[in-house]
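The values are calculated or read from the model by the stated rules, or taken from the named source; none is laboratory data. Since the model is a prediction, treat every value here as computed from it, not as a measurement. Cβ placement follows ideal geometry from the backbone for every residue including glycine, while neighbour counts extend to all protein chains displayed. With ligands, DNA and RNA removed, areas are computed over all heavy atoms of the protein, side chains included. Shrake-Rupley method; radii C 1.70, N 1.55, O 1.52, S 1.80 Å.
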Amino acid sequence: MTGLPPLRDVIKRFGLNASKALGQNFLFDSQLLDRIAAIPGPLQGQTVYEVGPGPGGLTRALLKAGADVVAVEMDHRCIAALAELESFYPGKLRVIEGDALKMDERALAGEGAHIVANLPYNVGTALLIRWLGGEQWMPWWSSLSLMFQREVADRIIAKPDTDAYGRLAVLAQWRSEPVLALPVHRSAFVPPPKVMSAVVHITPKPAPHGVRMAVLERVTAAAFGQRRKMLRQSLKGLAGGLDALEACGIDPTRRAETLSVDEFIAIARALDAARG
Ligand code: SAM
């Protein structure tokens, strides 16, 4: 949009020198930001819940793509800068100051919103687990497009028989489809972090019937808690675990990392069924 000051000027004018404590690594490249904003699909008339807008680079790209944006930012210094952006897009941007980990985002953004965020690692993973969790499915959100350290992105999309495959992969894949949408070089950020990043795009799919999240979590925690051990050893401490393996016809000498997501689902279902 014409008339918007360059982001570097905004940073200077509002004194937004990057805070390490808040995990601030900003993106300025408008082409890259447009590519990130395109990941959820066409946004005209859609609501986006953005976490951690900072000086507003990604927010600009989302607004340019036609989205209505609800943004939550914890850094008080950014709020005035974002208010300026609000005035360029009247009625299209709502900024809330606060901690995303404490928000009722469903109430703020509404049913069907897309979630987009470039967040510090620990906050991003905590929010991912919250958005993927919960017994109610389908979820309130339509898609998640989240920036992670590349290594975490690899763990989310990992397939069996790889080092990256573990609890996070099963949690992310049993009722949603994560894809690595865009690798992002560390040099794209100001200041550049030590590691590479990537945006992961996640869309929900119907949950398999007869499986509860809590039970699946117990199975994956036990199995991957001792990932180098055979299942007959790692599932020993899980009541009914060895019987569930047998009921599913899974060889107890296998290791957790060789099991497909569907096999984990089958074990969790058998465990639940056995408990009546
Ligand atoms: N979206 C901007 C960009 O791409 O340039 C900023 C990204 S920066 C990596 C992360 C942003 O998240 C910072 O603005 C930081 O203040 C904010 N943040 C960190 N923890 C947060 C939390 N718990 N809730 C809301 N915002 C948070």
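Structural remarks
To keep it simple, each residue is scored yes or no on (1) touching a Phe, Trp or Tyr at 6+ places or on another chain (Cβ under 6 Å); (2) over 30 Å from Gln24 (Cβ atoms); (3) open to solvent by less than 20 Å² (accessible area, probe 1.4 Å).
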position: Val199; (1), (2), (3): no, no, yes
position: Thr203; (1), (2), (3): no, no, no
position: Gly210; (1), (2), (3): no, yes, no
position: Val215; (1), (2), (3): no, yes, yes
position: Phe224; (1), (2), (3): no, yes, no
position: Ala239; (1), (2), (3): no, yes, no
position: Asp243; (1), (2), (3): no, yes, no
position: Leu259; (1), (2), (3): no, yes, yes
position: Leu271; (1), (2), (3): no, yes, yes
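- Scanning region 48-96 for residues being open to solvent by 40 Å² or more (accessible area, probe 1.4 Å) and either within 9 Å of the ligand (Cβ to nearest atom) or not assigned by TED's automatic domain parsing to the domain that holds Phe28 (or both) gives a total of 2.
- Residue tally, condition aliphatic (A, V, I, L, M) and touching a Phe, Trp or Tyr at 6+ places or on another chain (Cβ under 8 Å), over region 135-158: 4
- Only helices (runs of 4 or more DSSP H) whose full extent lies in region 216-276 are considered here, and the ones with at least 3 residues that are touching a Leu at 6+ places or on another chain (Cβ under 8 Å) are 241-247, 261-274.
- Residue within region 58-65 that is touching a residue at least 60 places away in the same chain (Cβ under 8 Å) and polar (S, T, N, Q) present: no
For every residue, the table says whether it meets (1) under 16 Å from Glu50 (Cα atoms); (2) at pLDDT below 95; (3) aromatic (Phe, Trp, Tyr).
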| residue | (1), (2), (3) |
| --- | --- |
| Lys102 | yes, no, no |
| Ala113 | yes, no, no |
| Ile129 | no, yes, no |
| Val152 | no, no, no |
| Lys159 | no, no, no |
| Thr162 | no, no, no |
